[in-house]
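This report refers to the structure that appears directly beneath it.
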Amino acid sequence: MKNLLVACLAGVALAGCGLPRDPARTTSQVSGGVLKAGLVQGPDVEADRAIILRLARQLDAQAAFQTGEAHQLVAALEKGQIHVIGGGLPAATPFKSHLGLSRPAGRLSGSPEGEKRVLAVRAGENGFLLALDRAIAAETRGRGQ
């Protein structure tokens, strides 16, 4: 009972602090505006496009897509030129120390071990990452995964 009370009080305290935060204000920039997404071409691109479109709807935004190689898109993400990357990033991506990674969005196509697939946002944009995770949950629930 004591642990439950502490957990509840911690949750209320964090909610009052405005957490999670977006230091670069990604959520507020995208809300009611344009969600700029980069897609790495591959077999998972359409599934990740659907997640990004759901995120855009949740934020009352229009989605704008560009395609490119992972290195190019990561550089654009770090500069704030795009807001999210999809298209088959493995959960063990070598870029994980530079990015915020979503919850698993499904299995990575072509991975013999059944590795999980994630999407990426700018590091530290935790409010935006939470919105992305919610979009993934809703989209995967809708596909029966």
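What follows is calculated from the coordinates using simple rules that are stated; it is not laboratory data. Predicted, not measured: the structure shown is a model, and the values here were computed from it. We place every Cβ from the backbone using ideal geometry, glycine too, and count neighbours over all the protein chains shown.
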So, with +1 on the Cβ of K and R and -1 on the Cβ of D and E, and no other charges, what is the size of the charge dipole of the stretch 36-133 about its Cα centre, to the nearest 20 debye? 140 debye
In terms of Cα to Cα distance under 17 Å, which aspartates and glutamates are near enough to K116, apart from those fewer than 8 places away along the same chain? D44, E46, D48, D133, E139
Would you pull out the residues with amide H under 5 Å of G87's amide H, same chain only if 5 or more places away, H placed 1.01 Å from N? V40, D48
Once phi for every residue in the stretch 79-94 is put through the Karplus expression 6.51 cos²θ - 1.76 cosθ + 1.60 (θ = phi - 60°), the whole-Hz ³J(HN,Hα) values, with Gly and Pro written as x, are 7, x, 7, 10, 9, 8, 10, x, x, x, 7, x, 4, 9, 4, x
